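The values are calculated or read from the model by the stated rules, or taken from the named source; none is laboratory data. Since this is a predicted model, take the numbers as computed values, not measurements. Virtual Cβ from ideal backbone geometry, glycine too; neighbours counted across all protein chains shown.
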Ligand code: B4P
């Protein structure tokens, strides 16, 4: 199993690039943002509870997202590998993911870190808000809160994986296709050196 994390701040292009990566490499895409939005659309109790956090630009509690990922892993036993998008977002989530993969005799092979300037992030998300219908895109104050939460709670996740030399930084500014080319180069390199 080859397992990849696409990491970066809100608006760095994780969702955008995940679509390209999944198409090229056939990994199973697990986006906690998409899973939570699906729960909300189905009006499940989990979806309704999660939305209150999302609307304030806060993270949904760890136990909720870890439970969702655990079920998704169990539902895809034949997967050649997973692309984790927007997860893990806290060190506790990263530790839980390590344990879940360990049970499957697997681990994270590569963390690709998309780097984008702060002002560009806000610009992209405010822009997306014009068409996405997402309540968390609607206002700039929520965007700034999300960036702050990212710095305090999510950035330490990169430290967790860099201890094991799994993190590679990629410039997330510029053309979507060009950025994808750089991501693919890093994935190919790591896949070539991986036997399993
Ligand atoms: P997510 O759905 O993960 O959302 P995201 O961070 O907004 O987006 P992403 O980085 O994927 O950006 P995108 O490609 O769309 O999370 C939403 C919320 O759910 C979180 O705030 C949190 O509350 C909750 N949540 C999710 N996972 C959680 C977890 N694990 N734990 C706790 N809570 C969790 O790109 C953004 C925009 O930029 C798009 O409009 C795109 O078209 C544009 N764009 C992309 N690449 C570009 C480029 N190169 N140039 C110009 N524009 C570009």
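Odds and ends about this structure:
- Looking across the stretch 28-50, the residues that are surrounded by 13 or more Cβ atoms within 10 Å (Cβ to Cβ), farther than 21 Å from residue 4 by Cβ and more than 9 Å from the ligand (Cβ to nearest atom) come down to 38, 39, 40, 46, 47, 49.
- With respect to the conditions (1) surrounded by 17 or more Cβ atoms within 10 Å (Cβ to Cβ); (2) without any contact (Cβ under 8 Å) to a residue 60 or more places away in the chain; (3) part of a helix (DSSP H, G or I), residue 21 falls short on a single one, namely (2).
- Hits in the stretch 1-14 (condition: at pLDDT 95 or above and either in a strand (DSSP E or B) or surrounded by fewer than 17 Cβ atoms within 10 Å (Cβ to Cβ) (or both)): 4, 5, 6, 7
- For the stretch 64-90, filtered to residues that are in a helix (DSSP H, G or I) and buried (at least 16 other Cβ atoms within 10 Å of the Cβ), the residue that is farthest from the ligand (Cβ to nearest atom) is 73.
- Any hit, the stretch 109-119, residues being under 27 Å from residue 41 (Cβ atoms), part of a helix (DSSP H, G or I) and within 9 Å of the ligand (Cβ to nearest atom): no
- Residue 89 more than 15 Å from the chain's Cα centre (by Cα), at negative phi and touching a residue at least 12 places away in the same chain (Cβ under 8 Å): no
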